[in-house]
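Below is one structure, written out as structure tokens; comments come after it.
The values are calculated or read from the model by the stated rules, or taken from the named source; none is laboratory data. If you're wondering where the values come from, they're calculated on a predicted model, not measured in any experiment. Positions of Cβ are backbone-derived with ideal geometry, glycine not excepted, and every protein chain shown enters the neighbour counts. Protein only, heavy atoms only, side chains kept; ligands, DNA and RNA dropped before computing areas. Shrake-Rupley method; radii C 1.70, N 1.55, O 1.52, S 1.80 Å.
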Number of protein chains: 2
Amino acid sequence: MVETYGDDAYLLRPVGRVASPLTDAASAPRQGDEGAPTAWLIFDPRVEQALSDLSAGAELLVLTWLDRARRDVLAVHPRGDETRPRTGVFSTRSPHRPNPIGLHRVRVLAVDGLRVEVADLEALDGTPVLDVKPVLGAADER
Amino acid sequence: MVETYGDDAYLLRPVGRVASPLTDAASAPRQGDEGAPTAWLIFDPRVEQALSDLSAGAELLVLTWLDRARRDVLAVHPRGDETRPRTGVFSTRSPHRPNPIGLHRVRVLAVDGLRVEVADLEALDGTPVLDVKPVLGAADER
């Protein structure tokens, strides 16, 4: 059992970027199902094989690096609403957190080579994409 | 719109570790709802405030760094079953992928200071924890 800490660190290398009309955090929807526009994931040619089985209709989880977030924030007023009590960030979806990884559920609209068009992505234009995973169905369909 | 690539990289610093009886990837369940044992998340004292609102019963998403995975794998036979066709990793939950971030849905059983006991976590003992997020309810309950 590991109970001590060092200062280990791991290096993330983006596999792509978000291309979106959203450029301003203040006006962007807080979650993808709250009015996000259509966006594109533009992948690095080096990971082409990893996306070769994506197709229109797929439900995906997209992991991003929220590069405009603060990493030194440990508690926030949820959704920026100062009438709500300050809450530890592990109980919120605030982008501000020690490792600002965004988690977005999206639907694939189209695939065009290294470009994947998706619905319901609230990430800002230029946001680095870290990973893409399928939404899991029932255990007997995996 | 961003359409070119550099070699940007981002540094992850673990916020905690998994303590689990699971030590062997070959015998571990492939998903948390496929027979994973009770485990503990042991947090770094530096993030204590971030977990201050976690409590028993909470449904969480735990993000981990799958430190025993390979990063140079872009396609796999799903679930290691060689009768299934090789599939791009972005269409699978394989731990082997360019940024091996694990995504685990768990339920909090108990909180004891910096130690959080959880059900349904299939991560191996010692796995670095990157982030914890609440499972989102309906849009009008956020």
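The figures follow:
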| quantity | calculated |
| --- | --- |
| FRET efficiency for B:Glu48 and A:Glu82, using Cβ-Cβ distance with R0 set to 25 Å, rounded to 0.05 | 0.60 |
| Relative contact order %, chain B, counting alpha carbon pairs below 8 Å whose residues are six or more apart | 37 |
| Loop-located trypsin sites (Lys or Arg not before Pro) in region B:43-81 whose Cβ has at most 14 other Cβ within 10 Å (DSSP) | B:Arg68, B:Arg70, B:Arg71 |
| Label-point separation, B:Leu136 to B:Asp72 (7 Å along Cα→Cβ), nm | 3.8 |
| Total accessible surface hidden between A and B, rounded to 100 Å², 1.4 Å probe | 6400 |
| Distance between modelled label sites at B:Ala56 and B:Ala26, nm, 7 Å Cα→Cβ extension | 3.9 |
| Loop sites in region A:36-142: GluC sites (Glu not before Pro), DSSP, at most 14 other Cβ within 10 Å | A:Glu82 |
